[in-house]
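The values are calculated or read from the model by the stated rules, or taken from the named source; none is laboratory data. Not measured: the values here are computed from a predicted model. Quick reminder, even Gly has a Cβ in these numbers, built from the backbone with ideal geometry, and neighbours come from all protein chains shown. Only protein heavy atoms, including side chains, enter the accessible area calculation; ligands, DNA and RNA are left aside. Shrake-Rupley method; radii C 1.70, N 1.55, O 1.52, S 1.80 Å.
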Amino acid sequence: MSNVAVFGAGYVGLVTGACFAQLGHDVVVRDINEERISALQAGRVPIFEPGLEQVLEEHGERIRFTTDVGDAVESAEFVYVAVGTPPTHSGDADLSAVWTVVDELPQVGRRIVVVMKSTVPVGTGEKVRHRLDARGLTDVGYASNPEFTAEGTALRDFMTPDRIVVGAFREEDGDAVAALHDGIAAPIVRCDVASAEMVKLAANAALMTRISFINEIANVCEATGADVVRVAEGVGLDRRIGPSFLRAGIGYGGSCFPKDSLALKQLAANSGYHFQLLSAVIEVNELQKRRVLAKLERHLGSLRGRTVALLGLAFKANTDDMREAPSLVLAGRLQSEGATVRAWDPVARPRDLKDVEQLDTLEEALAGADAAVIVTEWSELADLDWAAVAQTMKTPVVIDGRNMLDPAEMRAAGYRYEAIGRAAPGNGPETT
Ligand SMILES: NC(=O)c1ccc[n+]([C@@H]2O[C@H](COP(=O)([O-])OP(=O)(O)OC[C@H]3O[C@@H](n4cnc5c(N)ncnc54)[C@H](O)[C@@H]3O)[C@@H](O)[C@H]2O)c1
(Lines give C-alpha, C1' and ligand atoms only; values in the text may rest on other atoms or scores of the structure.)
Protein backbone atom coordinates (compact mmCIF):
# COMPACT_ATOMS: atom_id res chain seq x y z
CA MET A 1 0.00 0.00 0.00
CA SER A 2 1.19 3.52 -0.74
CA ASN A 3 1.16 6.98 0.77
CA VAL A 4 -0.79 9.39 -1.40
CA ALA A 5 -1.07 13.17 -0.99
CA VAL A 6 -3.97 14.78 -2.85
CA PHE A 7 -3.82 18.53 -3.51
CA GLY A 8 -7.32 19.96 -3.78
CA ALA A 9 -10.29 18.99 -1.60
CA GLY A 10 -12.94 19.68 -4.24
CA TYR A 11 -15.23 17.30 -6.11
CA VAL A 12 -12.34 15.40 -7.70
CA GLY A 13 -9.78 15.59 -4.88
CA LEU A 14 -12.17 14.33 -2.21
CA VAL A 15 -13.46 11.48 -4.35
CA THR A 16 -9.90 10.51 -5.35
CA GLY A 17 -8.74 10.62 -1.72
CA ALA A 18 -11.75 8.69 -0.44
CA CYS A 19 -11.42 5.99 -3.11
CA PHE A 20 -7.67 5.56 -2.61
CA ALA A 21 -8.32 5.17 1.14
CA GLN A 22 -10.99 2.59 0.29
CA LEU A 23 -8.39 0.75 -1.81
CA GLY A 24 -6.16 0.59 1.29
CA HIS A 25 -3.74 3.48 0.70
CA ASP A 26 -2.85 6.09 3.32
CA VAL A 27 -4.10 9.44 2.11
CA VAL A 28 -3.56 13.07 3.11
CA VAL A 29 -5.76 15.64 1.37
CA ARG A 30 -4.39 19.17 1.30
CA ASP A 31 -6.30 22.32 0.43
CA ILE A 32 -5.55 26.03 0.81
CA ASN A 33 -9.14 26.67 1.89
CA GLU A 34 -8.92 26.60 5.69
CA GLU A 35 -12.68 26.57 6.20
CA ARG A 36 -12.98 23.52 3.96
CA ILE A 37 -10.19 21.65 5.74
CA SER A 38 -11.56 22.49 9.21
CA ALA A 39 -14.98 21.17 8.14
CA LEU A 40 -13.42 17.94 6.86
CA GLN A 41 -11.35 17.55 10.04
CA ALA A 42 -14.59 17.91 12.01
CA GLY A 43 -16.22 15.18 9.88
CA ARG A 44 -18.32 17.52 7.73
CA VAL A 45 -18.21 17.08 3.94
CA PRO A 46 -18.38 20.49 2.24
CA ILE A 47 -19.85 19.25 -1.07
CA PHE A 48 -22.87 17.13 -2.00
CA GLU A 49 -21.76 13.89 -3.63
CA PRO A 50 -23.85 10.78 -2.93
CA GLY A 51 -21.97 8.21 -0.81
CA LEU A 52 -18.90 10.38 -0.17
CA GLU A 53 -19.64 11.06 3.48
CA GLN A 54 -20.04 7.33 4.18
CA VAL A 55 -16.80 6.31 2.44
CA LEU A 56 -14.86 9.05 4.26
CA GLU A 57 -16.32 7.87 7.56
CA GLU A 58 -15.72 4.17 6.90
CA HIS A 59 -12.09 4.69 5.93
CA GLY A 60 -11.43 7.61 8.26
CA GLU A 61 -8.39 5.91 9.80
CA ARG A 62 -6.61 6.06 6.42
CA ILE A 63 -7.45 9.61 5.37
CA ARG A 64 -6.70 12.94 6.97
CA PHE A 65 -6.85 16.59 5.96
CA THR A 66 -4.38 19.43 6.19
CA THR A 67 -3.59 22.90 4.86
CA ASP A 68 0.14 22.36 5.30
CA VAL A 69 2.20 21.40 2.23
CA GLY A 70 5.07 19.96 4.26
CA ASP A 71 2.71 17.82 6.30
CA ALA A 72 0.98 16.54 3.16
CA VAL A 73 4.17 15.65 1.32
CA GLU A 74 6.25 14.44 4.29
CA SER A 75 5.75 10.72 3.67
CA ALA A 76 4.03 10.86 0.29
CA GLU A 77 5.12 8.65 -2.59
CA PHE A 78 2.56 10.22 -4.93
CA VAL A 79 1.33 13.83 -5.08
CA TYR A 80 -1.98 13.95 -6.90
CA VAL A 81 -2.90 17.37 -8.28
CA ALA A 82 -6.70 17.89 -8.24
CA VAL A 83 -6.92 21.68 -8.13
CA GLY A 84 -9.31 23.74 -10.24
CA THR A 85 -8.44 24.75 -13.82
CA PRO A 86 -11.18 27.29 -14.64
CA PRO A 87 -11.25 29.26 -17.91
CA THR A 88 -9.45 32.57 -18.26
CA HIS A 89 -11.03 35.47 -20.17
CA SER A 90 -9.36 34.17 -23.33
CA GLY A 91 -10.97 30.74 -22.90
CA ASP A 92 -7.65 29.04 -22.15
CA ALA A 93 -7.39 26.96 -18.98
CA ASP A 94 -6.17 28.95 -15.98
CA LEU A 95 -3.30 26.84 -14.65
CA SER A 96 -2.27 29.19 -11.84
CA ALA A 97 -3.36 26.74 -9.11
CA VAL A 98 -1.39 23.96 -10.82
CA TRP A 99 1.74 26.14 -10.96
CA THR A 100 1.33 27.03 -7.30
CA VAL A 101 1.37 23.33 -6.39
CA VAL A 102 4.44 22.70 -8.56
CA ASP A 103 6.26 25.69 -7.04
CA GLU A 104 5.30 24.81 -3.46
CA LEU A 105 6.56 21.25 -3.70
CA PRO A 106 9.41 20.89 -1.19
CA GLN A 107 12.67 19.02 -1.78
CA VAL A 108 12.08 15.64 -0.18
CA GLY A 109 15.31 13.82 -0.99
CA ARG A 110 13.57 10.70 -2.35
CA ARG A 111 11.63 9.82 -5.46
CA ILE A 112 8.01 10.92 -5.55
CA VAL A 113 5.66 11.08 -8.51
CA VAL A 114 3.49 14.11 -9.23
CA VAL A 115 0.26 12.87 -10.83
CA MET A 116 -1.97 15.29 -12.73
CA LYS A 117 -5.69 14.61 -12.12
CA SER A 118 -6.81 18.13 -13.02
CA THR A 119 -7.91 18.59 -16.62
CA VAL A 120 -5.13 20.48 -18.38
CA PRO A 121 -4.23 21.46 -21.96
CA VAL A 122 -2.04 19.11 -23.95
CA GLY A 123 1.56 20.11 -23.33
CA THR A 124 1.08 20.95 -19.65
CA GLY A 125 2.98 17.86 -18.48
CA GLU A 126 5.95 18.85 -20.61
CA LYS A 127 5.92 22.36 -19.08
CA VAL A 128 5.61 21.01 -15.54
CA ARG A 129 8.54 18.65 -16.23
CA HIS A 130 10.68 21.65 -17.28
CA ARG A 131 9.63 23.64 -14.21
CA LEU A 132 10.43 20.74 -11.86
CA ASP A 133 13.83 20.32 -13.53
CA ALA A 134 14.46 24.07 -13.29
CA ARG A 135 13.77 23.84 -9.55
CA GLY A 136 16.30 21.00 -9.27
CA LEU A 137 13.56 18.44 -8.58
CA THR A 138 14.93 16.09 -11.21
CA ASP A 139 14.11 12.96 -9.24
CA VAL A 140 10.44 13.94 -8.95
CA GLY A 141 8.53 11.88 -11.53
CA TYR A 142 5.51 13.10 -13.48
CA ALA A 143 2.44 11.28 -14.75
CA SER A 144 -0.93 12.22 -16.19
CA ASN A 145 -3.91 10.25 -14.85
CA PRO A 146 -6.98 12.16 -16.03
CA GLU A 147 -10.32 11.84 -14.30
CA PHE A 148 -13.53 10.75 -16.05
CA THR A 149 -15.93 10.57 -13.11
CA ALA A 150 -19.25 12.39 -13.32
CA GLU A 151 -20.61 14.33 -10.37
CA GLY A 152 -23.51 12.49 -8.78
CA THR A 153 -22.02 9.06 -9.56
CA ALA A 154 -18.37 9.88 -8.91
CA LEU A 155 -17.60 7.17 -6.33
CA ARG A 156 -19.07 4.41 -8.47
CA ASP A 157 -17.33 5.83 -11.55
CA PHE A 158 -13.97 5.88 -9.75
CA MET A 159 -14.23 2.31 -8.43
CA THR A 160 -15.72 0.82 -11.64
CA PRO A 161 -14.37 2.98 -14.44
CA ASP A 162 -14.56 2.15 -18.14
CA ARG A 163 -10.78 2.62 -18.25
CA ILE A 164 -7.87 4.13 -16.39
CA VAL A 165 -5.52 6.28 -18.44
CA VAL A 166 -1.91 6.70 -17.38
CA GLY A 167 0.66 8.68 -19.34
CA ALA A 168 4.18 9.03 -17.96
CA PHE A 169 7.62 10.22 -19.01
CA ARG A 170 9.25 7.21 -17.34
CA GLU A 171 7.90 3.69 -17.65
CA GLU A 172 8.39 2.88 -13.96
CA ASP A 173 6.43 5.96 -12.86
CA GLY A 174 3.55 4.83 -15.08
CA ASP A 175 3.80 1.31 -13.59
CA ALA A 176 3.65 2.76 -10.07
CA VAL A 177 0.59 4.92 -10.83
CA ALA A 178 -1.15 1.98 -12.52
CA ALA A 179 -0.39 -0.22 -9.47
CA LEU A 180 -2.10 2.31 -7.19
CA HIS A 181 -5.34 1.18 -8.84
CA ASP A 182 -4.90 -2.53 -7.96
CA GLY A 183 -8.30 -3.76 -6.88
CA ILE A 184 -10.11 -1.90 -9.65
CA ALA A 185 -11.07 -4.12 -12.59
CA ALA A 186 -10.68 -1.92 -15.65
CA PRO A 187 -8.50 -1.75 -18.74
CA ILE A 188 -5.49 0.50 -18.24
CA VAL A 189 -4.48 2.62 -21.22
CA ARG A 190 -0.76 3.34 -20.99
CA CYS A 191 0.57 6.10 -23.19
CA ASP A 192 2.74 9.20 -23.36
CA VAL A 193 1.80 12.26 -21.27
CA ALA A 194 0.48 14.37 -24.17
CA SER A 195 -1.81 11.57 -25.35
CA ALA A 196 -3.19 11.04 -21.83
CA GLU A 197 -3.94 14.76 -21.64
CA MET A 198 -5.67 14.61 -25.02
CA VAL A 199 -7.75 11.53 -24.11
CA LYS A 200 -9.53 13.58 -21.44
CA LEU A 201 -10.22 16.56 -23.71
CA ALA A 202 -11.28 14.36 -26.64
CA ALA A 203 -13.59 12.19 -24.50
CA ASN A 204 -15.37 15.29 -23.18
CA ALA A 205 -15.60 16.75 -26.68
CA ALA A 206 -17.15 13.51 -27.98
CA LEU A 207 -19.80 13.54 -25.24
CA MET A 208 -20.63 17.21 -25.83
CA THR A 209 -20.86 16.58 -29.56
CA ARG A 210 -23.47 13.87 -28.95
CA ILE A 211 -25.49 16.23 -26.75
CA SER A 212 -25.46 19.07 -29.27
CA PHE A 213 -26.15 16.57 -32.06
CA ILE A 214 -29.30 15.18 -30.42
CA ASN A 215 -30.40 18.70 -29.47
CA GLU A 216 -30.20 19.77 -33.10
CA ILE A 217 -32.10 16.63 -34.11
CA ALA A 218 -34.68 17.63 -31.47
CA ASN A 219 -35.01 21.08 -32.97
CA VAL A 220 -35.58 19.60 -36.41
CA CYS A 221 -38.09 17.16 -34.86
CA GLU A 222 -40.02 20.16 -33.56
CA ALA A 223 -40.09 21.70 -37.01
CA THR A 224 -41.12 18.51 -38.77
CA GLY A 225 -43.41 16.70 -36.34
CA ALA A 226 -41.12 13.84 -35.24
CA ASP A 227 -40.59 12.87 -31.58
CA VAL A 228 -36.94 13.01 -30.50
CA VAL A 229 -37.44 10.52 -27.66
CA ARG A 230 -38.51 7.82 -30.11
CA VAL A 231 -35.86 8.96 -32.59
CA ALA A 232 -33.09 8.71 -29.95
CA GLU A 233 -34.32 5.26 -28.97
CA GLY A 234 -34.24 4.11 -32.57
CA VAL A 235 -30.85 5.65 -33.22
CA GLY A 236 -29.28 4.53 -29.93
CA LEU A 237 -30.15 0.87 -30.43
CA ASP A 238 -27.70 0.85 -33.34
CA ARG A 239 -24.69 -0.85 -31.77
CA ARG A 240 -22.36 1.38 -33.75
CA ILE A 241 -23.91 4.39 -32.03
CA GLY A 242 -25.19 3.29 -28.59
CA PRO A 243 -27.77 5.00 -26.38
CA SER A 244 -25.79 7.21 -23.99
CA PHE A 245 -25.73 10.99 -24.23
CA LEU A 246 -28.59 10.99 -26.72
CA ARG A 247 -31.09 12.69 -24.44
CA ALA A 248 -32.35 15.95 -25.85
CA GLY A 249 -32.75 18.86 -23.48
CA ILE A 250 -31.75 22.42 -22.73
CA GLY A 251 -28.05 21.75 -23.13
CA TYR A 252 -25.07 20.85 -20.99
CA GLY A 253 -23.54 22.89 -18.20
CA GLY A 254 -21.34 22.07 -15.24
CA SER A 255 -17.79 22.52 -14.13
CA CYS A 256 -16.24 20.51 -16.97
CA PHE A 257 -17.94 20.50 -20.38
CA PRO A 258 -18.20 24.27 -20.96
CA LYS A 259 -14.68 25.08 -19.81
CA ASP A 260 -13.04 21.99 -21.32
CA SER A 261 -14.64 22.58 -24.72
CA LEU A 262 -13.42 26.18 -24.70
CA ALA A 263 -9.97 25.08 -23.57
CA LEU A 264 -9.71 22.51 -26.38
CA LYS A 265 -10.97 25.03 -28.93
CA GLN A 266 -8.37 27.56 -27.73
CA LEU A 267 -5.65 24.91 -27.57
CA ALA A 268 -6.33 24.14 -31.23
CA ALA A 269 -6.50 27.84 -32.15
CA ASN A 270 -3.25 28.60 -30.33
CA SER A 271 -1.67 25.85 -32.41
CA GLY A 272 -3.03 27.41 -35.62
CA TYR A 273 -5.99 25.09 -36.13
CA HIS A 274 -9.65 26.12 -36.28
CA PHE A 275 -11.66 23.36 -34.59
CA GLN A 276 -14.83 23.95 -36.56
CA LEU A 277 -16.91 21.05 -35.26
CA LEU A 278 -16.29 21.92 -31.61
CA SER A 279 -17.12 25.58 -32.28
CA ALA A 280 -20.51 24.48 -33.63
CA VAL A 281 -21.08 22.17 -30.64
CA ILE A 282 -20.51 25.10 -28.27
CA GLU A 283 -22.75 27.44 -30.26
CA VAL A 284 -25.60 24.92 -30.46
CA ASN A 285 -25.41 24.49 -26.69
CA GLU A 286 -25.60 28.23 -26.08
CA LEU A 287 -28.65 28.62 -28.30
CA GLN A 288 -30.38 25.57 -26.84
CA LYS A 289 -30.79 27.14 -23.38
CA ARG A 290 -32.32 30.25 -24.91
CA ARG A 291 -34.95 28.38 -26.94
CA VAL A 292 -36.89 27.93 -23.69
CA LEU A 293 -37.74 31.64 -23.80
CA ALA A 294 -39.43 31.32 -27.20
CA LYS A 295 -41.43 28.35 -25.94
CA LEU A 296 -42.63 30.32 -22.91
CA GLU A 297 -43.54 33.29 -25.09
CA ARG A 298 -45.57 31.07 -27.37
CA HIS A 299 -47.79 30.17 -24.42
CA LEU A 300 -47.73 33.40 -22.41
CA GLY A 301 -47.08 36.17 -24.92
CA SER A 302 -44.84 38.80 -23.34
CA LEU A 303 -43.01 37.62 -20.25
CA ARG A 304 -43.08 41.06 -18.62
CA GLY A 305 -44.72 40.79 -15.21
CA ARG A 306 -45.04 37.01 -15.43
CA THR A 307 -43.81 34.70 -12.68
CA VAL A 308 -41.74 31.77 -13.86
CA ALA A 309 -40.63 28.93 -11.56
CA LEU A 310 -37.31 27.26 -12.35
CA LEU A 311 -37.50 23.67 -11.14
CA GLY A 312 -33.94 22.61 -10.39
CA LEU A 313 -30.94 24.91 -10.22
CA ALA A 314 -27.91 22.58 -10.11
CA PHE A 315 -26.38 21.86 -13.51
CA LYS A 316 -27.62 18.29 -13.20
CA ALA A 317 -29.32 16.04 -10.66
CA ASN A 318 -27.52 14.59 -7.61
CA THR A 319 -25.08 17.43 -7.22
CA ASP A 320 -25.12 20.89 -5.68
CA ASP A 321 -22.68 22.16 -8.31
CA MET A 322 -23.90 25.41 -9.90
CA ARG A 323 -20.93 26.04 -12.16
CA GLU A 324 -22.19 26.97 -15.65
CA ALA A 325 -25.67 25.71 -14.77
CA PRO A 326 -28.27 26.43 -17.49
CA SER A 327 -30.51 27.81 -14.69
CA LEU A 328 -28.17 30.81 -14.39
CA VAL A 329 -28.59 31.75 -18.05
CA LEU A 330 -32.34 31.13 -17.92
CA ALA A 331 -32.80 33.24 -14.78
CA GLY A 332 -30.84 36.09 -16.34
CA ARG A 333 -32.70 35.92 -19.65
CA LEU A 334 -36.12 35.74 -17.98
CA GLN A 335 -35.32 38.70 -15.75
CA SER A 336 -34.14 40.75 -18.69
CA GLU A 337 -37.50 40.06 -20.37
CA GLY A 338 -39.20 41.47 -17.26
CA ALA A 339 -40.28 38.20 -15.64
CA THR A 340 -40.14 37.48 -11.91
CA VAL A 341 -38.12 34.33 -11.30
CA ARG A 342 -38.45 31.95 -8.41
CA ALA A 343 -36.78 28.59 -7.96
CA TRP A 344 -36.67 25.25 -6.22
CA ASP A 345 -33.79 22.82 -5.83
CA PRO A 346 -33.45 20.04 -3.24
CA VAL A 347 -29.74 20.69 -2.53
CA ALA A 348 -28.31 23.65 -4.46
CA ARG A 349 -28.69 26.95 -2.59
CA PRO A 350 -26.68 29.44 -4.66
CA ARG A 351 -26.02 32.65 -2.78
CA ASP A 352 -25.28 34.74 -5.84
CA LEU A 353 -28.54 34.18 -7.77
CA LYS A 354 -29.79 37.76 -7.70
CA ASP A 355 -33.47 38.53 -7.14
CA VAL A 356 -34.54 34.90 -7.37
CA GLU A 357 -36.65 33.66 -4.48
CA GLN A 358 -35.51 30.14 -3.58
CA LEU A 359 -38.31 28.03 -2.12
CA ASP A 360 -38.11 24.84 -0.10
CA THR A 361 -40.87 22.85 -1.78
CA LEU A 362 -42.09 22.31 -5.30
CA GLU A 363 -45.61 23.19 -4.20
CA GLU A 364 -44.47 26.61 -2.94
CA ALA A 365 -42.49 27.27 -6.11
CA LEU A 366 -45.44 26.44 -8.35
CA ALA A 367 -48.28 28.10 -6.42
CA GLY A 368 -49.44 31.19 -8.35
CA ALA A 369 -46.77 30.83 -11.05
CA ASP A 370 -47.58 31.64 -14.70
CA ALA A 371 -45.26 28.89 -15.90
CA ALA A 372 -42.65 26.42 -14.77
CA VAL A 373 -39.47 25.24 -16.48
CA ILE A 374 -37.93 21.88 -15.59
CA VAL A 375 -34.24 22.69 -15.59
CA THR A 376 -32.66 19.80 -13.65
CA GLU A 377 -33.79 16.18 -13.83
CA TRP A 378 -34.35 15.68 -10.06
CA SER A 379 -36.42 12.55 -9.32
CA GLU A 380 -38.74 14.64 -7.08
CA LEU A 381 -40.17 16.11 -10.28
CA ALA A 382 -41.19 12.69 -11.61
CA ASP A 383 -42.84 11.87 -8.26
CA LEU A 384 -44.84 15.12 -7.93
CA ASP A 385 -48.64 14.98 -8.01
CA TRP A 386 -48.83 17.26 -11.04
CA ALA A 387 -52.62 17.05 -11.32
CA ALA A 388 -53.01 18.48 -7.81
CA VAL A 389 -50.44 21.21 -8.39
CA ALA A 390 -52.06 22.33 -11.67
CA GLN A 391 -54.93 23.83 -9.66
CA THR A 392 -52.55 26.08 -7.72
CA MET A 393 -50.77 27.62 -10.71
CA LYS A 394 -52.01 30.83 -12.25
CA THR A 395 -51.66 29.31 -15.70
CA PRO A 396 -50.60 25.65 -15.89
CA VAL A 397 -47.76 25.97 -18.40
CA VAL A 398 -44.81 23.59 -18.07
CA ILE A 399 -41.75 23.59 -20.30
CA ASP A 400 -39.94 20.32 -19.65
CA GLY A 401 -36.31 21.10 -20.43
CA ARG A 402 -35.24 17.54 -19.62
CA ASN A 403 -37.97 15.50 -21.32
CA MET A 404 -38.74 13.87 -17.96
CA LEU A 405 -42.51 13.73 -17.94
CA ASP A 406 -45.15 11.99 -20.02
CA PRO A 407 -46.71 14.51 -22.44
CA ALA A 408 -50.09 12.75 -22.59
CA GLU A 409 -50.35 12.52 -18.79
CA MET A 410 -49.38 16.15 -18.36
CA ARG A 411 -51.95 17.32 -20.89
CA ALA A 412 -54.59 15.09 -19.25
CA ALA A 413 -53.68 16.76 -15.94
CA GLY A 414 -54.62 20.10 -17.48
CA TYR A 415 -51.23 21.44 -18.51
CA ARG A 416 -50.09 23.28 -21.55
CA TYR A 417 -47.01 21.10 -21.64
CA GLU A 418 -44.09 21.33 -23.99
CA ALA A 419 -40.83 19.43 -23.97
CA ILE A 420 -37.75 19.48 -26.22
CA GLY A 421 -38.15 17.92 -29.66
CA ARG A 422 -41.49 16.30 -28.87
CA ALA A 423 -44.88 16.74 -30.48
CA ALA A 424 -46.76 19.75 -29.10
CA PRO A 425 -49.50 22.02 -30.32
CA GLY A 426 -47.86 24.45 -32.72
CA ASN A 427 -44.95 22.11 -33.49
CA GLY A 428 -44.62 20.20 -36.72
CA PRO A 429 -44.92 21.25 -40.36
CA GLU A 430 -47.36 24.03 -41.14
CA THR A 431 -50.55 22.67 -42.71
CA THR A 432 -53.05 24.70 -44.68
N1 LIG B 1 -15.85 18.12 -11.10
C2 LIG B 1 -15.75 17.06 -11.87
O3 LIG B 1 -16.69 16.25 -11.96
C4 LIG B 1 -14.49 16.79 -12.65
C5 LIG B 1 -14.39 15.60 -13.41
C6 LIG B 1 -13.21 15.36 -14.11
C7 LIG B 1 -12.17 16.27 -14.06
N8 LIG B 1 -12.30 17.42 -13.33
C9 LIG B 1 -11.16 18.34 -13.26
O10 LIG B 1 -10.55 18.17 -11.98
C11 LIG B 1 -10.03 19.44 -11.52
C12 LIG B 1 -10.65 19.78 -10.17
O13 LIG B 1 -12.04 19.95 -10.34
P14 LIG B 1 -13.03 20.09 -9.09
O15 LIG B 1 -14.41 20.10 -9.66
O16 LIG B 1 -12.67 19.10 -8.06
O17 LIG B 1 -12.63 21.55 -8.59
P18 LIG B 1 -13.05 22.26 -7.22
O19 LIG B 1 -13.10 23.70 -7.51
O20 LIG B 1 -14.26 21.58 -6.64
O21 LIG B 1 -11.82 21.95 -6.24
C22 LIG B 1 -10.54 22.47 -6.41
C23 LIG B 1 -9.94 22.64 -5.02
O24 LIG B 1 -8.55 22.94 -5.17
C25 LIG B 1 -8.19 23.81 -4.11
N26 LIG B 1 -6.88 24.42 -4.35
C27 LIG B 1 -6.56 25.50 -5.10
N28 LIG B 1 -5.23 25.72 -5.05
C29 LIG B 1 -4.70 24.76 -4.25
C30 LIG B 1 -3.38 24.45 -3.82
N31 LIG B 1 -2.32 25.18 -4.19
N32 LIG B 1 -3.20 23.39 -3.00
C33 LIG B 1 -4.25 22.63 -2.62
N34 LIG B 1 -5.52 22.88 -2.99
C35 LIG B 1 -5.74 23.93 -3.80
C36 LIG B 1 -9.36 24.76 -4.03
O37 LIG B 1 -9.38 25.47 -2.81
C38 LIG B 1 -10.54 23.81 -4.22
O39 LIG B 1 -11.02 23.32 -2.98
C40 LIG B 1 -10.35 20.44 -12.63
O41 LIG B 1 -9.25 20.53 -13.49
C42 LIG B 1 -11.53 19.79 -13.36
O43 LIG B 1 -11.60 20.19 -14.70
C44 LIG B 1 -13.44 17.70 -12.63
Quiz item: If you line up the long axis of helix 276-300 against the longest principal axis of the chain, both from Cα atoms, how many degrees apart are they, to the nearest 10?
Solution: 30
Quiz item: Using the Karplus equation 6.51 cos²θ - 1.76 cosθ + 1.60 (θ = phi - 60°), what ³J(HN,Hα) coupling, rounded to whole Hz, does each residue of the range 390-399 give in order, writing x for Gly and Pro?
Solution: 3, 5, 8, 7, 5, 10, x, 10, 10, 9
Quiz item: Hey, which lysines would be in cross-link range of LYS295, C-alpha to C-alpha under 24 Å, not counting anything within fewer than 8 residues on its own chain?
Solution: LYS316, LYS354, LYS394
Practice problem: Nearest 5 is fine: what % of DSSP beta bridges in the range 271-366 come out antiparallel, could you say? | Solution: 0
Practice problem: Report, to the nearest 10°, how far helix 11-22 tilts away from the longest principal axis of the Cα atoms in the chain, using its own Cα long axis and a range of 0 to 90°. | Solution: 60
Exercise. Would you mind calculating the gained length between ALA387 and ALA186 on full extension (0.36 nm times residue separation, minus the Cα-Cα distance), in nm to one decimal?
Key: 67.7 nm
Self-check item: Heavy-atom surface of the chain, accessible at 1.4 Å and reported per residue (Å²)
Solution: 44
Exercise. Would you work out the relative contact order for the range 219-309, in percent, from Cα pairs under 8 angstrom that are 6 or more residues apart?
Key: 20
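Once fully extended, how much extra length lies between ARG131 and ARG304, figured as 0.36 nm per residue of separation less the alpha-carbon to alpha-carbon distance?
Numbers: separation 173, 0.36 × 173 = 62.28 nm, distance 5.57 nm.
Between ARG131 and ARG304, full extension yields 56.7 nm more.
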Quiz item: Using Cα-only point scatterers and the Debye equation, what is log10 of I(q)/I(0) for the range 3-71 at each q in 0.23 Å⁻¹, rounded to two decimals?
Solution: -0.94
Self-check item: Separation of the LEU237 and ASN270 label points, Cα + 7 Å toward Cβ, nm
Solution: 4.6
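Would you mind putting 257-265, 42-50, 308-316, 223-231 in packing order, based on average other-beta-carbon counts within 10 Å, highest first?
Result, highest mean first: 308-316, 257-265, 223-231, 42-50.
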Practice problem: Quick one: check the C-alpha center-to-center distance for the range 1-35 versus the range 382-420, whole angstrom. | Solution: 43
Quiz item: Counting only the heavy atoms of the protein chains, how much of GLU357 is accessible to a 1.4 Å probe, in Å² to the nearest 10?
Solution: 110
Quiz item: About its Cα centre, how strong a charge dipole does the chain have in debye, to the nearest 20, once Lys and Arg get +1 and Asp and Glu get -1 at the Cβ?
Solution: 1160
Self-check item: Given charges at Cβ of Lys, Arg, Asp, Glu: the range 168-256 dipole, positive-most of ASN204, PRO187, THR224
Solution: THR224
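Given an 8 Å cut-off on Cα distances and at least 6 residues of separation, report the relative contact order of the chain as a percent.
Relative CO of the chain lands at 12 percent.
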Exercise. Quantify, in whole percent, the carbon and sulfur part of the accessible surface of the chain (1.4 Å probe; protein heavy atoms only).
Key: 52
Quiz item: Excluding same-chain residues fewer than 8 positions from LYS117, which lysines have a Cα within less than 20 Å of its Cα?
Solution: LYS127, LYS200, LYS259
Practice problem: Give me the distance between the Cα centres of the range 52-92 and the range 107-174, rounded to whole Å. | Solution: 13
Quiz item: When DSSP beta bridges are limited to those with both residues in the chain, what percentage is antiparallel, rounded to the nearest 5?
Solution: 5
Exercise. Take the Cα atoms of the chain, find their three principal axes, and give me the spread along each one in whole Å, biggest first.
Key: 79, 47, 39
Exercise. Pull out the extension gain between ASP94 and ALA150, defined as 0.36 nm times the separation in residues minus the alpha carbon to alpha carbon distance; nm, one decimal.
Key: 18.0 nm
